[in-house]
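Everything below concerns the one structure shown next.
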Amino acid sequence: MIKFIASDLDGTLLKNGVQYPSREALELIQALREKGVLFAAASGRQCPNLRRLFWPISQDMVLLGENGCLVTYQGRTISQTPLGQELAMELIGEILAMDDRCEALISCPEAYWLLPKTRHYLDVVLNRWKMTICAAETPKEICEPILKVSMCMTDGLDLGVAEEMSRRWQGRCKTAVSGKEWLDFTLGDKGQAIRAVREEFGFARDEVAVFGDNYNDVEMLDEAGHSYAMDSAPEAVKAHAGHICHRVEDTLREILEGL
C-alpha cells in the first residue's frame, strides 16, 4: 500500500507554466491525507514558497525544498544539508564574475538572497516567480546557512555554459538542471530527502510513490518503489522511472481509488 507520495512541481504537478496547483490537486491531496497517505511537494523552490502555494493544506504536508536540501513537516526540520559557506562563496564569486547573462540565486532556509547584475533579473524574481528575497551588495553580507546556489539565465539556460560549469565543479558538489533557466549546485538531492522521510516515518521503499520530470528528480525516482516520469521528460530521466505519466492528478486519483 502506498503511504507516501512526493511530487516535483514545475513541469510535473505544475505543467505548461502554471504557477499554482489546481483545485483538483489540492482536493486529491487532502483526500489522500484523510486516508492516511502523506504528501510532499518536492521542489527546487524554498519552503516558505511551498507553504504559500499549498495553503491551507501545507500544514499537513511534508515540504521538500531546495532540491531536497531542506525537509520540514509541521514546522519541524527533518533534514538539512547546507552547502558550506566557503564552497558557496567561491561558487557565488565565479557566477558573479561571468557575463550578465548569468545571475546568482542563493538559497537560505527562509529566504533567497540576490546580488542582481541587471534590473531585468530582479523584476523576474519579484514579479514572475514571487520569491521571498533579500538583496545584498556583496556575498559577505549573507550570514545564514546556504543550502543551494543556483545559476540563472532568465532568457534560457545555455547548455554549453551549464556543461562547462558542471565539469568545473564535478567532485566538489552536485549539479543539476532544474528548469529552463536554472543550474543548481548542492550537496544534497531529492533522493537523500526521500530517504530521510522514509527513516523519519518508517516507510518501506514499496510504500513510496514519486513524480518528476527533470534531471534534479533522478535520485528521487531511484528511491521509490513506484516512480513516475512525465511524458514530457527527457529520455534520460524517463529511464529512471517505472511508469510514464501525462497528468499527476489522474494518477493520484487512481492511487486514491485503489486504497
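The values are calculated or read from the model by the stated rules, or taken from the named source; none is laboratory data. Please read all numbers here as calculations on a predicted model, not as lab measurements. Virtual Cβ from ideal backbone geometry, glycine too; neighbours counted across all protein chains shown. We work out accessible area using only protein heavy atoms, side chains counted, and drop any ligands, DNA or RNA first. Shrake-Rupley method; radii C 1.70, N 1.55, O 1.52, S 1.80 Å.
Condition test on VAL124, is it more than 30 Å from GLU200 (Cα to Cα), touching a Ser or Thr at 6+ places or on another chain (Cβ under 6 Å) and not hydroxyl-bearing (Ser, Thr, Tyr)? Reasoning before the result, please.
Details: more than 30 Å from GLU200 (Cα to Cα): yes; touching a Ser or Thr at 6+ places or on another chain (Cβ under 6 Å): yes; not hydroxyl-bearing (Ser, Thr, Tyr): yes.
Yes, satisfied.
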Neighbours by Cβ (under 7 Å, 6+ apart or cross-chain): first from region 1-24, farther than 13 Å from ALA41 by Cβ; second open to solvent by 70 Å² or more (accessible area, probe 1.4 Å) and modelled with pLDDT of 95 or more: GLY11/SER232
All positions within region 18-66 that are open to solvent by 20 Å² or more (accessible area, probe 1.4 Å), among the hydrophobic types (A, V, I, L, M, F, W, C) and under 18 Å from ASP250 (Cα atoms): VAL18, LEU26, ALA31
Any hit, region 175-196, residues being open to solvent by 50 Å² or more (accessible area, probe 1.4 Å) and at pLDDT below 95: yes
Selection from region 205-243 of residues that are exposed (fewer than 14 other Cβ atoms within 10 Å of the Cβ) and either outside any loop (DSSP other than H, G, I, E, B) or touching a residue at least 40 places away in the same chain (Cβ under 8 Å) (or both): ARG205, ASP206, GLU235, ALA236, HIS243
Long-range neighbours under 9 Å by Cβ, at least six apart or interchain, first residue without any contact (Cβ under 8 Å) to a residue 24 or more places away in the chain within region 107-129, second open to solvent by 40 Å² or more (accessible area, probe 1.4 Å) and in a strand (DSSP E or B): LEU114/ILE133; LEU114/CYS134; LEU114/ALA135; PRO116/ALA135; LEU122/ILE133; LEU122/ALA135; VAL125/ILE133; LEU126/ILE133
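Do we have any residue at all in region 16-23 that's aliphatic (A, V, I, L, M) and closer than 20 Å to ASP217 by Cα?
The answer is yes; a qualifying residue exists.
Hey, could you check region 137-174 for residues that are aliphatic (A, V, I, L, M) and open to solvent by 10 Å² or more (accessible area, probe 1.4 Å) and say which is farthest from the chain's Cα centre (by Cα)? So that I can check it myself, show each step before the final result.
To start, the set of residues in region 137-174 that are aliphatic (A, V, I, L, M) comprises 142, 146-147, 149, 151, 153, 157, 159, 161-162, 165.
From what is left, the residues that are open to solvent by 10 Å² or more (accessible area, probe 1.4 Å) are 157, 159, 161.
Numbers: LEU157: 17, LEU159: 20, VAL161: 21 Å.
By that ranking, first place goes to VAL161.
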Scope region 69-100; condition within 21 Å of ILE142 (Cα to Cα) and among the small types (Gly, Ala, Ser); matching residues: GLY84, ALA88, GLY93, ALA97
Boolean, ALA104 is surrounded by 20 or more Cβ atoms within 10 Å (Cβ to Cβ), outside any loop (DSSP other than H, G, I, E, B) and within 14 Å of the chain's Cα centre (by Cα): no
Identity of the residue in region 110-136, open to solvent by less than 40 Å² (accessible area, probe 1.4 Å) and in contact with a helix residue (DSSP H, G or I) (Cβ under 7 Å, 6 or more places away or on another chain), that ends up nearest to THR72 (Cα to Cα): MET131
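Within the group ALA88, ALA176, which residue is within 30 Å of ARG195 (Cα to Cα), small (Gly, Ala, Ser) and in a strand (DSSP E or B)? Even if it seems obvious, please write down each step before you answer.
Working: ALA88 fails: in a strand (DSSP E or B).
Only one candidate passes the filter, namely ALA176.
Can you pull out every residue in region 35-81 that is basic (Lys, Arg) and either farther than 21 Å from PRO145 by Cβ or in contact with a Pro (Cβ under 6 Å, 6 or more places away or on another chain) (or both)?
Within region 35-81, the first condition is being basic (Lys, Arg), and the residues that meet it are 35, 45, 51-52, 76.
Residues satisfying the conditions are LYS35, ARG52.
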